[in-house]
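Below is one structure, written out as structure tokens; comments come after it.
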Amino acid sequence: MSFESVRSFSLGIALLAGVAAFAQAPAPGDAYPQKPITLVVPYPPGGTNDNVARLLAEKVSARAGQPVVIDYKAGAGGTIGAQFVARAQPDGYTLLNASIGNLAIAPQLMPVAFDPFTSFQSIAHVGTGITAFAVRPDFPANNLRELVEYAKKHPISLGTSGIGTPGHLAGEFFSKIAELPIQHVPYKGSAAAVNDAIGGHVDLVIDPLATTYVRTGKLKALAYFGADAPPEGLAGVRSVVQQGYSQWDNAFGGAFLWTAPAGLPPAVRAKLTRWVMDSLAEPEVRAALVKVQVQPAPKGAEETTAVVRKVHSMAQSVFGVQHKPKVAQAQ
């Protein structure tokens with residue numbers, strides 16, 4: 001056999017080997033994940049967002065075969081953490097445990113370096129907040145009617161987990177439909193707002209975390225929403241709608257969802273969505289969510305984006321903001 005024949009034969013074998021290797025190569029996402037996944041919590045530890053993140057991180061980690069590590073990046077109504085994730089590589093290793101305010105409300109009220117619809121790709125919707133209107137036990141009101149009567153004679157303050165959060169939106173909407181002024185006092189998370197309500201530094205909180213303290217007697221519930229019946233510890237308390245506010249929407253309680261930077265490979269996104277949805281199908285996970293004041297409401301990626309758009313529209317109506325969020329120049 002001539003040298004040219006041998007060379008041609010060798011090249012042919014190499015070509016066939018390359019084709020075979022390509023055909024056997026794993027599809028994008030098949031090998032994911034190969035290292036720990038970071039789940040960013042955009043609020044301080046101890047709040048409802050943190051509780052949801054810890055619960056799901058453990059379950060998704062078991063399915064992924066890699067640790068899901070919590071990373072706290074709090075501040076600016078949750079937008080600091082959201083911005084960090086928006087700028088991350090879209091490879092599935094940096095995710096956001098979002099509250100709806102991070103994406104749908106706060107970007108309309110403050111400059112941020114991301115857009116809620118073009119900077120992210122939804123993964124899954126976890127649930128909605130089971131929320132209480134709560135005051136300290138000695139506050140001179142036992143329902144919303146009495147709260148309104150009191151507030152018309154005495155200015156009241158509302159503590160929330162921050163500007164652009166669901167509690168802020170809920171308070172602003174209630175102020176409008178009840179036709180009374182409420183002083184908004186933003187904190188850096190739910191725990192701080194609730195603690196100051198317990199201490200008497202603010203009069204009112206509208207937050208899922210408040211329900212926990214109603215059970216222990218440290219706060220008193222005037223109303224609830226986000227559940228079909230009074231949650232544990234709130235027996236006898238009527239919902240906001242039952243107290244005459246038919247225009248109230250449970251979306252004011254907020255929502256919790258997983259999202260990722262835009263550009264996430266479809267196969268990776270599909271895996272993450274499946275892992276979250278499968279975790280939410282476990283009865284013990286659903287029961288644990290209810291205990292931290294979250295009503296399970298599993299939704300896929302596209303349905304999750306629809307929820308963000310709905311609350312985004314509600315915030316426009318309540319705050320009177322423009323259609324587009326105020327996107328700051330990235331640094």
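The values are calculated or read from the model by the stated rules, or taken from the named source; none is laboratory data. Nothing here was measured: the structure is a model prediction, and the numbers come from that model. Reconstructed Cβ throughout: ideal geometry from the backbone, glycine too, with neighbour counts over all protein chains shown.
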Please count how many residues of region 84-123 are surrounded by 24 or more Cβ atoms within 10 Å (Cβ to Cβ) and either over 18 Å from MET314 (Cβ atoms) or not polar (S, T, N, Q) (or both). 18
In this structure, does ASP228 turn out to be touching a residue at least 40 places away in the same chain (Cβ under 8 Å) and out of contact with any Lys or Arg (no Cβ under 7 Å at 6 or more places or on another chain)? no
PHE139 vs. criteria aromatic (Phe, Trp, Tyr) and either modelled with pLDDT under 95 or farther than 16 Å from ILE105 by Cβ (or both): yes
Output the residue which, of all residues in region 136-149 that are over 12 Å from ALA178 (Cα atoms) and in contact with a strand residue (DSSP E or B) (Cβ under 9 Å, 6 or more places away or on another chain), is surrounded by the fewest Cβ atoms within 10 Å (Cβ to Cβ). ASP138
Sort out for me the strands (runs of 3 or more DSSP E) sitting completely within region 125-205 that have 2 or more residues that are among the hydrophobic types (A, V, I, L, M, F, W, C), under 30 Å from TRP258 (Cα atoms) and under 26 Å from the mean Cα position of the chain (by Cα). 131-135
Single unsatisfied condition, PRO45 versus (1) part of a loop (DSSP other than H, G, I, E, B); (2) farther than 22 Å from THR160 by Cα: (2)
Looking at ALA57, ALA86, ALA74 in this structure, which one is out of contact with any Phe, Trp or Tyr (no Cβ under 6 Å at 6 or more places or on another chain) and either at positive phi or of a type in the set (A, V, I, L, M) (or both)? ALA57
Testing GLN242 on (1) touching a Ser or Thr at 6+ places or on another chain (Cβ under 8 Å); (2) farther than 25 Å from VAL52 by Cα; (3) without any contact (Cβ under 8 Å) to a residue 40 or more places away in the chain; (4) not in a strand (DSSP E or B), one condition comes back false. Which one is that? (1)
